[in-house]
Amino acid sequence: MEATHTNGPQGLRAHPVGVVLALSLGAAVSLGITRFAYALLLPVMRTDLGWSYTLAGAMNTVNALGYLVGALAAPALLRRVAPGTLLLWGAVLATLFMGLSGFFLEAAPLLLQRLLAGVASAVIFIAGGLMAARLGALDVGRSGLLLGLYYGGVGWGISASALLVPPVLAAAPALHGWTWAWWALAAVCALATVVLVWPVRALRGLTAPAPAAGMGVGAKAAAGQTAPPAAVPLRALAPALLGYTLFGVGYIGYMTFVVALLREQGMASGTVTLFYALLGLAVVLSSRIWAGLLERSRGGRALALLNGLLGVATLLPALTSAWPVVLASGLLFGGVFLAVVASTTALVRHNLPPAQWAGGISAFTVVFAAGQIVGPTVVGWIADGPGGLARGLVYSACALWLGALVAARQRPLVPARAGL
């Protein structure tokens, strides 16, 4: 272990947790702010600009499409550019696109900004994940903790957005006041980018480890795995892949529209802020809650259970605006949704040989992105009809429960591994 430490920068030996916490600001910018902060702005932008819920949902649809484009481009980029450099450039571009969203009132340029921000956020998330994995390779005993701290940055971004956006909207001029919120969020992204310089410098001399469990396709490429990927048995994984697609459809409907629903139900601004901030905190704490389940579940049981719990969390605010129930919904949702992502990585690790891990993770990434692309626009279209947003979230919950039922049919592949 000591020999491994000497290969890396000296500061990592004493401060790995501090370095990964700083690095987690990349996850905060990538998803916590660039994607999920939009839910806080959707109600005021829709009212001010006269949008339908379909158009409001399309803003997150194109963001998810951009994320897919960025995820597919990341492996080629990481073969040419150091992950730290890519992380910082992605953060700079995400900051730029967030800020530019405050300068337009027409739907077309705003859609373009959301698309480009999605591309940048994928590059940030994948490059940062690779760097966290390299840091974890220095201390195998704490690698799970370090990776969990990195991905928990998504929750910090959600909570920071919840605490920032409402006071900015309250203090902004009455005319198009939401533009100031975009600029404030861009300022937070810029500050996070400055802080990210430190972990990038600290990790610059770190030797890339062998490709590890949980790395995405981009991380595999950067770590030196350049051999053609082995064929993945997609048919055998079909129940899990479909269940994960439906997770993408259902969860993003909640994260796009739940704040708008609570505001429609008459919930006070401060209460909505508390709800969203606590949801983000639950995301941070979730990284260790489900570790045992993910390690034990070799088939689709974990994915099914987590999808089912998310369906319950999604349905609750559609049924009642009672604060204890709404709070339970946010805490349950925040405590579960990132664990669903981790469950698919665990499924790949348990059932496929290492040569197929990259291809397996890639397949799950693509179907997840497809679900996220479909979800917001479909839920918005439903919300434009009778029943409004409440009915839209009911459909989101049904998608999650259907995903649970399908995923439960996934059987372990390990006994058949010799025939793969």
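Against the chain, whose longest principal axis is taken from its Cα atoms, helix 269-285 shows a tilt of about 10°.
Between 0 and 90 degrees, the angle of helix 107-137 with respect to the longest Cα principal axis of the chain falls at about 30 degrees.
Remark: the residue 289-residue 191 segment gains 32.3 nm on full extension, using 0.36 nm per residue and subtracting the alpha carbon distance.
Label sites at residue 73 and residue 47, each approximated as a point 7 angstrom past Cα along Cα to Cβ, lie 3.6 nm apart.
When the solvent-accessible area of the chain is split by element, carbon and sulfur atoms take up 70 percent of it, the probe being 1.4 Å. Placing unit charges on each Cβ (+1 for Lys and Arg, -1 for Asp and Glu) gives the chain a dipole about its Cα centre, and among 350, 320, 280 the Cα reaching farthest toward its positive end belongs to 350.
Need the full-extension length gain, residue 17 to residue 366, defined as separation in residues times 0.36 nm minus the C-alpha distance. One decimal, nm. Write down the numbers at each step before the final one.
Working: separation 349, 0.36 × 349 = 125.64 nm, distance 3.11 nm.
Extra length available between residue 17 and residue 366 comes to 122.5 nm.
If the chain linking residue 323 and residue 103 were pulled fully straight, counting 0.36 nm for each residue of separation and taking away their Cα-Cα distance, it would gain 75.6 nm. In terms of its C-alpha gyration tensor, segment 277-345 comes out oblate, because a/c is 1.5 or above while a/b does not outweigh b/c. Only protein heavy atoms count here; on that basis, with a 1.4 Å probe, residue 114 has an accessible area of about 10 Å². Phi angles across segment 324-337 convert, under the Karplus curve 6.51 cos²θ - 1.76 cosθ + 1.60 with θ = phi - 60°, into 3J(HN,Hα) values of x, 6, 5, 4, 4, 4, x, 5, 5, 4, x, x, 10, 5 Hz, Gly and Pro given as x.
Rounded, prolate or oblate for segment 95-183? Axes are the square roots of the Cα gyration tensor eigenvalues, ordered a ≥ b ≥ c, and the cut-off for rounded is a/c under 1.5. The shape class here is oblate.
Taking a 1.4 Å probe, which of 180, 381 shows the most accessible area, and what order do the others take after it? Can you show the working numbers first?
Values: 180 125, 381 175 Å².
Descending accessible area places them as 381, 180.
A probe of 1.4 angstrom, applied to the heavy atoms of all protein chains, finds residue 401 with accessible area near 90 square angstrom.
The values are calculated or read from the model by the stated rules, or taken from the named source; none is laboratory data. Predicted model, so just to flag it, every value in this text is computed and none were measured. Don't worry about glycine lacking a Cβ; one is built from the backbone with ideal geometry, like all the others, and counts go over all protein chains shown. These area figures cover heavy atoms from the full protein model, side chains too; ligands, DNA and RNA do not enter into them. Shrake-Rupley method; radii C 1.70, N 1.55, O 1.52, S 1.80 Å.
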